[in-house]
Amino acid sequence: MKKLIVSLVFAFSISGSCHADSGVRESIEKMFEVTDMQAMLDASYAQMDQIFSQMTDNKNITDEQKPIYEKHKKKFHAMLAKSMSWDKIKEPIIEAYSQVYTKAEIDELIVFYQSPLGQKMLKKMPELMHATMQVMQETSKSIIPKMQALHKELQSELSKQSQ
């Protein structure tokens, strides 16, 4: 899932039409079908939505503030649905895969994803990604104050230099 999100961000930075030759393209589309890429994408959006909800839950918002958070959660969801729909990102993702993998590698991935272990991996991926996201959230809680301190130190040094 994490790789999917990174791939999505990368995909949006690519411009132009898809340069994947038809053989590679067909293999990539077959892999997307085998892995049910669109469902994985939908699941990643649901996880992002859940993270947004957790962020608001952790802020101890008042009952008066809840409608505001709900309104923004809906806006966030609508933005994701519009900006990152499968129809919009499929071509850039095909292009990204075609730049990273050969047709033979894609075909090997298809064989793997069709195997019992590959199918188990696909089914367990959302659970694994959820657990991984929780680890990352917990880890980031301890590093955020350190990052803020470093940023403050940087700002202080920059302001001293400009005087």
- Of the residues in segment 35-56, those that are surrounded by fewer than 16 Cβ atoms within 10 Å (Cβ to Cβ) and among the small types (G, A, S) come to A39, A46, S53
- Query: Taking the condition surrounded by fewer than 12 Cβ atoms within 10 Å (Cβ to Cβ) and free of Cβ contacts under 8 Å to residues at least 40 places away in the same chain, does E108 pass?
  - Reply: no
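Read the figures in this text as sums done on the coordinates, not as results from a lab. It should be emphasised that the depicted structure is a prediction, and the values quoted were computed from it without experimental measurement. Methodologically, a virtual Cβ is constructed for each residue, glycine included, from the backbone with ideal geometry; neighbour enumeration extends over all protein chains shown.
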